Ligand code: ASP
């Protein structure tokens, strides 16, 4: 699909183009801040400066050997369906929080993505799902290590609205039932494709498919913003590992004074960089425009040995799509304009 991205040269532009899987491997192996191999960020502005706007992503990373045209077409179709569901809420005058949850629901049910059904598998072959929902007023709910919630974002939303806490580790089935969260047998989430990815990861080290985490950020007609992120983590992760996605201020963040942001990529780097809050602080305290702040934050993620992408909706201003990995699945919709990329 056509893509009109603007490429920016960072301080560490490679002299010889390299496949990012090799960059990733070098970074994971401990390349330093001065490494000439740091990936460079690509970003673009999308949508209007005010009024309803919805951005979604379906993961970022390397394309990997299993990225067929048919699968990319399926991802594009699912992204469209998620935009349909989320933007319908905004179009009807609904809240940004409802819009991001509607979009996430569609993608959690779609097995192409690494969230809900089709979540990445741990080294033991199980699913372990994380999610976070945050609104611009600073209210937030998050969950980590879910094994039965059909829609992990609903569990995060329940934490936000039905408890006085922010983050739950592995809430049990009774808590989920009390919160009205629909459940499935753990086998529902496990797909043949993810089993193959786990086998690849265990046989081939870094040569595996990393992308598929999902996220949505929205601004409603009233100017309220919200961010939602849902993931199965990283293929072959150790049991108990938690990434950036459920951590407010890392993989998911919203602040009415600045932006709503959802990230995807190497979670450890997003956590080390405190990526979401860093992006917000760059705008609020350093006066950077959101697009520059997004690129600078990705540069810092690279310095922390990671790559990936972020989608950003400011309380006022155009949206931003930015990534420093080989690819990112994304889409956006606003009045009179829509696009998906897979
Ligand atoms: N950031 C997620 C994690 O580290 C993975 C991803 O975005 O693909 O859990």
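Of everything in segment 239-265, what is part of a loop (DSSP other than H, G, I, E, B) and within 12 Å of the ligand (Cβ to nearest atom)? Give them in sequence order. If the condition is that a residue be part of a loop (DSSP other than H, G, I, E, B) and within 12 Å of the ligand (Cβ to nearest atom), then 241, 242, 243, 244, 245, 246, 247, 250, 251 are the ones that fit. In segment 262-290, the residues that are over 13 Å from residue 320 (Cβ atoms) reach residues that are surrounded by fewer than 19 Cβ atoms within 10 Å (Cβ to Cβ) and modelled with pLDDT under 95 with C-beta atoms within less than 8 angstrom, at least six apart or across chains, in these pairs: 266/28. Only one entry in 294, 335 is surrounded by fewer than 24 Cβ atoms within 10 Å (Cβ to Cβ) and at pLDDT 95 or above, namely 335.
In the set (1) in a loop (DSSP other than H, G, I, E, B); (2) at pLDDT below 95, the condition left unmet by residue 119 is number (2). Look through segment 115-148, keep the residues that are over 20 Å from residue 260 (Cβ atoms) and in contact with a strand residue (DSSP E or B) (Cβ under 6 Å, 6 or more places away or on another chain), and return whichever of them is surrounded by the fewest Cβ atoms within 10 Å (Cβ to Cβ). Step by step, filter segment 115-148, then rank; the result is 145. Take the conditions more than 16 Å from the ligand (Cβ to nearest atom), part of a helix (DSSP H, G or I) and over 17 Å from the mean Cα position of the chain (by Cα) and apply them to residue 99. Does it pass? Here the answer is no, as residue 99 does not meet what is asked.
The sole residue among 201, 216, 228, 286 that is away from the ligand (no atom under 14 Å from the Cβ) and either under 21 Å from residue 59 (Cα atoms) or surrounded by fewer than 19 Cβ atoms within 10 Å (Cβ to Cβ) (or both) is 286.
The values are calculated or read from the model by the stated rules, or taken from the named source; none is laboratory data. As the structure is a computational prediction, the values presented were derived from the model and not from experiment. Cβ: placed from backbone, ideal geometry, glycine included. Neighbour counts: every protein chain shown.
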